[in-house]
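Step one of this worksheet: look at the structure below.
The values are calculated or read from the model by the stated rules, or taken from the named source; none is laboratory data. Remember, it's a predicted structure, so these values are computed and weren't measured experimentally. Here Cβ is always computed from backbone atoms with ideal geometry, including for glycine, and neighbour counts include all displayed protein chains.
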Amino acid sequence: MSQESRLDQDTLDAREQQAADGYDPDAGRGCPHARFVLDPATPSLHADNDRLRAAGPLVPVTAEGVPAWAATRYATLLTVLTHPKLSRDIRHWATRDTCPAGTAIDRIVTDTSMLNAEGDDHRRLRTPVAGAFTARRLQQLRPKIEALTDRLVDALAELPPDEPVDLRKEFAYPLPREVISELIGIPAEHQDALHELSDAVAQVSDTLDDSPDVRRALHELLDRIIEERRDTPGEDLITDLFRLREKDGDRLSSDELFATIELLFIAGHVTTVNLITNAIGALLNRPDQLELLRTGQCDYSAAVEETLRWDSPIAYFPMRYAVQDIEIDGVRLRAGEPVLACFAASGRDPGQFGENADRFDITNPPNAHLAFGHGPHFCLGAPLARIEAEIALKALFEAFPEIAPAARPEDLAPLDTLLGNSTRSMPVLLGPRAR
């Protein structure tokens, strides 16, 4: 059965189930009658997104068993991200008790860090962390990023040049993992165990699969590390947050401090892995674009920004909830209904990026993509992700002038997750190192 046929059948099955539950997604909506079922393991995310955009600006979907509205187009997503009557606070979700436990959506919407806070609470939780991502602090971190990248390139150069190498596992993943460990302050004695668990979360592990048990073990280990760091201060974010808590105990509770550090460690590198992986794949399969970089006609920052637009590291991100009945782009949302942000779909919206929105082209003018969000919840780590990706791409493609893909894009397995958008591997033939 084709992906399109399977999606249609899943849609019919979902509509039948929702009807049995007494839920009518179309009543008074003027929406398309089909309810899309989002498949975390879809082999054609962008084809799914094409159909979602064609179905309307806000489309009824089922995501991991949860009925929601999907903001599919750029302008609609921008509205959703900034609308004063849409909140990330789960208390506004009318049917939150029906969310299946242990899913990716459940993990995100129940997070108690700044991720889901609003208003004064959000500012209280976000402000202490923002200092770690200032331009001055990131510039101080740049030499360490460059040195780590050089070590990874040296390690790649030791591998057989004519045998496939998985650059997601050997390059795109260890770089942001090590950087966020340095920034947060993960002790060396815990890094192997922590990395083994985070490898599974990032889907690069040879021994562990991502699972609720792995996620639980990762959180428990992070909690133990944070507790130990109380007595071993250093020049890192954990120490900064402990000092702030001692100075102003009302600013950050113990639970909030732990949740914040866990969020930064996990979210602070997994999405950057996807960004670097996606950029490598895009450039390897478009030699004309890579040549623009190698000849200096375009800067590597242009490749990073075009990747963020064209192949967002995040596919779908939950949730925002209608605080009251509202109407967006002709669609009425009832109070308490959840809205899913479709970041990958918005990046290829012809209404925003023109008829060639599905084409990767680093010569495009700077674009206002939404890959890092918008408004108060704009990603704090965006500047760090950009620096890491630019340094990584430049070092890789300068070191290996004959690098070539070792598999067709359509043969690469996607991540089995609703949230992330990338492939589980990025096999290449490196060729000899430049002399």
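General observations
- All of 430, 412 fail the test of being surrounded by 18 or more Cβ atoms within 10 Å (Cβ to Cβ), under 26 Å from residue 36 (Cβ atoms) and among the aliphatic types (A, V, I, L, M), apart from 412.
- Hey, residue 295 of a type outside the set (A, V, I, L, M), in contact (Cβ under 8 Å) with a residue 40 or more places away in the chain and out of contact with any strand residue (DSSP E or B) (no Cβ under 8 Å at 6 or more places or on another chain) or not: no
- Residues in segment 163-175 that are over 23 Å from the mean Cα position of the chain (by Cα) and modelled with pLDDT under 95: 0 in all.
- Residue in segment 49-56 that is under 19 Å from the mean Cα position of the chain (by Cα), part of a loop (DSSP other than H, G, I, E, B), in contact (Cβ under 8 Å) with a residue 24 or more places away in the chain and surrounded by fewer than 22 Cβ atoms within 10 Å (Cβ to Cβ) present: no
- Matching residues, segment 413-434, being part of a loop (DSSP other than H, G, I, E, B) and either free of Cβ contacts under 8 Å to residues at least 40 places away in the same chain or closer than 24 Å to residue 107 by Cα (or both): 413, 415, 416, 417, 418, 419, 421, 422, 424, 434
- Failed item in (1) surrounded by 13 or more Cβ atoms within 10 Å (Cβ to Cβ); (2) assigned to a helix (DSSP H, G or I); (3) free of Cβ contacts under 8 Å to residues at least 12 places away in the same chain, with residue 220 passing the rest: (1)
- Restricting attention to segment 87-106, the residues that are over 15 Å from residue 378 (Cα atoms) and touching a Lys or Arg at 6+ places or on another chain (Cβ under 7 Å) total 1.
- Single unsatisfied condition, residue 252 versus (1) within 26 Å of the chain's Cα centre (by Cα); (2) over 22 Å from residue 314 (Cβ atoms); (3) at pLDDT 80 or above; (4) surrounded by 18 or more Cβ atoms within 10 Å (Cβ to Cβ): (3)
- Those helices (runs of 4 or more DSSP H) of segment 67-151 in which at least 1 residues are surrounded by fewer than 18 Cβ atoms within 10 Å (Cβ to Cβ) and at pLDDT 95 or above, considering only elements entirely within it, cover 74-82.
- Taking residues in segment 133-158 that are over 17 Å from residue 177 (Cβ atoms), and partners anywhere that are of a type in the set (Phe, Trp, Tyr), the pairs with Cβ atoms closer than 9 Å and at least 6 places apart or on different chains are 157/400.
- Odd one out for residue 332, checked against (1) touching a strand residue (DSSP E or B) at 6+ places or on another chain (Cβ under 7 Å); (2) closer than 14 Å to residue 85 by Cα; (3) not in a loop (DSSP other than H, G, I, E, B): (1)
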